Amino acid sequence: MNKLVHGPFFPRILRRRKGKRDFGKTITHIVAKVMTTEMVKDLSSDTLLQQHDDLDLALDSCYSGDTVVIFPGEYHAANLALLTDDIIIKGVGKREEIMITSEPSHDSFVVSKADNVKLMHLSLIQQGTVDGIVVVESGHMTLENCVLKCEGTGVCVLTGAALTITDSEITGAQGAGVELYPGSIAILERNEIHHCNNLRTSDSSKSTLGGVNMKVLPAPKLKMTNNHIYNNNGYGVSILQPTEQFFIVAEQTLNKGAASGDKKDDKMLSKVMQNLNLEMNNNKIEANLKGDIRIVTS
């Protein structure tokens, strides 16, 4: 029986991991209305195949080590919110042509507690779900060459979980495009994160969210390389810490009236980044409504 429990630190998935098959073999699941020899010509001759016309059935049939190969089309899959086994889910063709849309009546879209799960070459389109478009509850998730079109919350990495996103696009989130909870780990490389924080709110703490938001007790680890973060309604990267300054001595507290280029802000930001295990290289952060990088006190 699967249950969903609400709240950022409560598990959404209460389903047991299947693990490997009894006979130890892995299966490649082909998701397409009709399977042709052309579809599988690049697979080795000893690959075990199973064809499904429904993505949900394919995911339900998976054991750890399996691969799900999705051909162009539009799909729904409630089982994406119940990822517990180490599988690869990948599209074939242009990522824009493999469209997976959430069910508006469901709370969650993509949720994982697998040790290692990978999504590649596909588009996730969020409709009506209240949770993040992707929630990494525990373990490690990789998103590679994906498009994430958010309608509600963006990508959430919960305490103790890890996420790697490469060559992907995240857009349209009501809050931050990527939200890092305390003690999480994220590596972001060559992504575009834009037009996020579309939430209409008078809450000033939420209005600062934009591209990437970090909650820092205990500090998450974030490595960003060659990302383009632009046109978000808050900051490009926001670092949320309590009013009590754990990382900065009292005389260096943020001067809220200062411009983002102020030397005091720069010195403080540099010190926070050192303490946070935050590594940023060759990122282009521009045209974000509130500014590029900011420390925000709660």
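Here are the numbers for the structure shown:
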read-out: Which listed residue is at pLDDT below 90, over 17 Å from Lys149 (Cβ atoms) and surrounded by 18 or more Cβ atoms within 10 Å (Cβ to Cβ), from Ala186, Ala219; value: Ala219
read-out: Test result for Val68, touching a His at 6+ places or on another chain (Cβ under 7 Å), assigned to a strand (DSSP E or B) and open to solvent by less than 10 Å² (accessible area, probe 1.4 Å); value: yes
read-out: Some residue of segment 46-61 being more than 20 Å from Glu97 (Cα to Cα), open to solvent by less than 40 Å² (accessible area, probe 1.4 Å) and among the aliphatic types (A, V, I, L, M); value: no
read-out: Hits in segment 69-96 (condition: over 18 Å from the mean Cα position of the chain (by Cα) and among the β-branched types (Val, Ile, Thr)); value: Val69, Ile70, Val92
read-out: Only one of Glu169, Glu179 that is of a type in the set (D, E, K, R) and at pLDDT 95 or above; value: Glu169
read-out: Any hit, segment 131-150, residues being in contact with a Lys or Arg (Cβ under 8 Å, 6 or more places away or on another chain) and farther than 26 Å from Thr84 by Cα; value: no
read-out: Test: residue in segment 13-28 that is part of a loop (DSSP other than H, G, I, E, B) and at positive phi; value: yes
read-out: Lone unmet requirement of (1) open to solvent by 40 Å² or more (accessible area, probe 1.4 Å); (2) in contact with a Gly (Cβ under 6 Å, 6 or more places away or on another chain); (3) not in a loop (DSSP other than H, G, I, E, B) for Gly154; value: (1)
read-out: All positions within segment 189-211 that are modelled with pLDDT of 90 or more and not in a loop (DSSP other than H, G, I, E, B); value: Glu189, Glu192, Ile193, His194
read-out: Matching option when the condition is charged (D, E, K, R), more than 20 Å from Thr171 (Cβ to Cβ) and modelled with pLDDT of 70 or more, among Glu286, Glu244, Glu279; value: Glu279
read-out: Ser44 being of a type in the set (Gly, Ala, Ser) and out of contact with any strand residue (DSSP E or B) (no Cβ under 7 Å at 6 or more places or on another chain); value: yes
read-out: Filtered residue count, segment 81-118, keeping only those that are part of a loop (DSSP other than H, G, I, E, B), open to solvent by 60 Å² or more (accessible area, probe 1.4 Å) and either at pLDDT 95 or above or at positive phi (or both); value: 2
read-out: Close pairs (6 angstrom Cβ cut-off, 6 or more residues apart or separate chains): at negative phi and polar (S, T, N, Q) in segment 283-298, modelled with pLDDT under 80 and surrounded by fewer than 18 Cβ atoms within 10 Å (Cβ to Cβ) anywhere; value: Thr297/Thr243; Ser298/Pro242
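The values are calculated or read from the model by the stated rules, or taken from the named source; none is laboratory data. Everything numeric here is computed off the predicted structure, so don't read it as measured data. Virtual Cβ from ideal backbone geometry, glycine too; neighbours counted across all protein chains shown. With ligands, DNA and RNA removed, areas are computed over all heavy atoms of the protein, side chains included. Shrake-Rupley method; radii C 1.70, N 1.55, O 1.52, S 1.80 Å.
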